[in-house]
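Presented below is the structure to which this report refers.
No lab work stands behind these numbers, since they all come straight from the coordinates. Every value quoted in this text rests on a predicted model; they were computed, and no experiment measured them. All Cβ positions, even for glycine, are placed from backbone atoms using ideal geometry, and neighbour counts span all protein chains on display.
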Amino acid sequence: MANLRLEGLRKEFRDGTVAVRDMSFDVRDREAVFLLGPSGAGKTTTLRLVAGLEEPDSGSVTIGDRDVTHFMPRDRNVAMVYDKHSLFPHLSVRENLAYPLRIRKMSQAEIDRRIASVLETLQIGDQIDKMPRQLSGGQMQRVAIGRALVRDADVFLLDEPISHLDAQLRARMRLEFKRLQRDFNATMLYVSHDQLEAMTMADRIVLINKGRIEQIDRPQELFDRPQTTFAATFIGEPAMNILPARLAEDAGRAHLEVGSSRVGLDREWLDNGGEPLAPSEEYLMGARPQQMRLAQPGEGGDGLVHGKIFAIEVLGSRVVFDIEFGDSLVRVLTTGDEARRYPERIGAPIGVRIDARYVYLFSKRTARTVRQARFTEARLAA
Ligand SMILES: Nc1ncnc2c1ncn2[C@@H]1O[C@H](COP(=O)(O)OP(=O)(O)OP(=O)(O)O)[C@@H](O)[C@H]1O
Ligand SMILES: [Mg+2]
């Protein structure tokens with residue numbers, strides 16, 4: 001195992017697409033780092049640069065103390081798992097697993113020992129003599145992962161290895177991966193566009209967008225203290241609500257004007273950040289759906305905005321109200337019991353209460369966070 005370091009990597013394809021711009025981060029020895037971002041963000045390209053399947057225009061890749069930027073893929077000692085089923089169809093599970101060891105001229109005894117250990121961890125022992133076409137999608141994927149793990153690679157690279165599995169199997173594989181990573185003490189760079197996967201499995205997340213790093217943090221930190229509107233809305237389900245807001249002061253008390261409503265701000269929230277706020281600036285207010293409360297149409301008071309019900313999604317014990325508010329759509333997450341106290345009818349008027357302690361503030365100009373919420377106990381999914 002070893003550290004992996006990417007320094008100033010840039011990749012422009014021949015057609016002029018810049019897939020990766022100035023990518024710098026490290027994966028420490030035995031750490032699981034997730035490269036998370038939307039489709040087209042440059043995740044696969046970054047992984048291929050590390051594996052040596054693409055040549056960077058500039059920047060370097062270091063594994064341990066070796067600069068491998070210009071090494072051939074086979075000389076880098078990395079193991080890669082793709083999203084596609086990459087098993088040899090004419091070889092049994094056992095021979096698929098043995099293949100990477102045979103080409104390294106390992107003794108049969110050592111091959112047997114390694115395969116036994118991987119089989120146990122992946123719980124595919126009873127599939128050992130089957131051919132790939134006799135396996136389910138999940139079993140195939142496990143063999144593909146096993147084939148990477150049998151090698152003593154310095155770094156494991158995984159490109160959405162479980163994204164095409166069904167939801168139940170994905171949930172199980174998430175847990176298994178955590179155990180695998182611990183058992184194998186693997187240094188892993190794992191690509192995903194699924195925030196839930198990254199939030200549950202990563203030691204740290206490198207969040208990227210359009211080939212650029214938005215934020216590098218531990219999962220909970222990324223959720224609690226997003227540095228940009230992109231990070232704030234990408235992490236969390238349902239996504240954080242973002243509304244245009246103005247800062248105003250009245251008799252020494254600061255508040256945010258959101259539409260025709262006011263959200264009173266407390267001193268601690270205002271002091272919870274570096275740069276001074278200016279009433280002339282345009283801001284965006286962020287509030288998580290878990291931290292907004294429904295209110296009856298007639299209710300008034302601080303932090304109350306009024307809108308109309310646009311849609312209602314019932315998700316078992318959770319209910320999401322989509323509420324039209326001016327030009328914006330606000331989503332409020334509530335429980336079934338709570339929802340029943342309100343008109344569950346499209347077009348009905350309804351109030352939403354915003355709690356100033358849970359509010360984020362972003363500069364509209366820079367899209368950067370200028371104030372973090374004081375309280376953040378909302379989790380990924382309530
Ligand atoms: N060989 C290529 N030639 C030209 N453009 C490419 C090539 N490969 C990738 N791209 C472009 O580079 C950008 C990043 O692609 P990449 O495959 O790295 O994204 P990704 O984050 O892995 O997306 P996804 O989640 O959809 O897999 C995209 O705009 C893509 O169209
Ligand atoms: Mg990809």
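Can you work out the FRET efficiency for the pair R365 and Q220, with r the C-beta to C-beta distance and R0 = 22 Å, to the nearest 0.05?
0.20
If you consider only alpha-carbon coordinates, what radius of gyration and Dmax does the chain have, in Å?
Reported Rg and Dmax, both Å: 24.8, 82.
Springs between alpha-carbon pairs under 10 angstrom, Gaussian network model over the chain: which of A251, A109, A198 fluctuates most?
A251
Let me spell out the model: positive unit charges on the Cβ of Lys and Arg, negative unit charges on the Cβ of Asp and Glu, origin at the Cα centre of the stretch 14-124. What dipole size does that give, in debye rounded to 20?
So the magnitude is around 380 debye.
With +1 on the Cβ of every Lys and Arg and -1 on the Cβ of every Asp and Glu, and nothing else charged, how large is the dipole of the chain about its Cα centre, in debye rounded to the nearest 20?
The calculated dipole for the chain is roughly 760 debye.
Which residue fluctuates the most in the chain, going by a Gaussian network model with Cα springs under 10 Å, if the choices are N77, N272, N209?
Among N77, N272, N209, the largest GNM mean-square fluctuation belongs to N272.
Taking +1 at the Cβ of each Lys and Arg and -1 at the Cβ of each Asp and Glu, which of L169, S328, S192 sits farthest along the dipole of the chain towards its positive end, judged by Cα position relative to the Cα centre?
With unit charges placed on the Cβ atoms, the residue in question is L169.
Count the lysine pairs in the chain that are 8 or more places apart or on different chains: how many have C-alpha atoms under 16 angstrom apart?
4
Which value, in debye to the nearest 20, gives the size of the charge dipole of the stretch 260-382 about its Cα centre, when Lys and Arg are +1 and Asp and Glu are -1 at the Cβ?
About 160 debye.
For the stretch 4-228, restrict the atom set to alpha-carbon positions and state the Rg and Dmax in Å.
17.5, 53
Tell me, what is a quarter of the convex hull surface for the C-alpha atoms of the stretch 238-371, in nm² with one decimal?
Projected area, direction-averaged: 8.3 nm².
Hey, in the GNM for the chain with a 10 angstrom Cα cutoff, which one of L333, L149, L175 fluctuates hardest?
Result for the chain, Cα springs under 10 Å: L175 fluctuates most.
Take the alpha carbon atoms of the stretch 49-75, find their center, do the same for the stretch 287-344, and report the distance between the two centers in whole angstrom.
The stretch 49-75 and the stretch 287-344 have Cα centres spaced 51 Å from each other.
Of the options V118, V314, F25, report the single residue whose Cα projects farthest towards the positive end of the charge dipole of the chain (beta-carbon charges: Lys, Arg +1; Asp, Glu -1).
Selected residue: V118.
What list of ³J(HN,Hα) couplings, whole Hz, do you get for the stretch 351-365 from phi and the Karplus terms 6.51, -1.76, 1.60, once you set θ to phi - 60° and write x for glycine and proline?
Computed from phi, the couplings for the stretch 351-365 are x, 10, 9, 9, 9, 4, 6, 9, 8, 9, 10, 10, 6, 5, 5 Hz.
Order these by the 10 Å Cβ neighbour count, fewest first: F177, F310, F34.
F310, F177, F34
Measuring from the lowest to the highest alpha carbon on each principal axis, how far does the stretch 142-221 reach, largest first, in angstroms?
34, 31, 22
Taking the simple approach of a point 7 Å from Cα along Cα-to-Cβ for both D67 and R341, what is their distance in nm?
6.5
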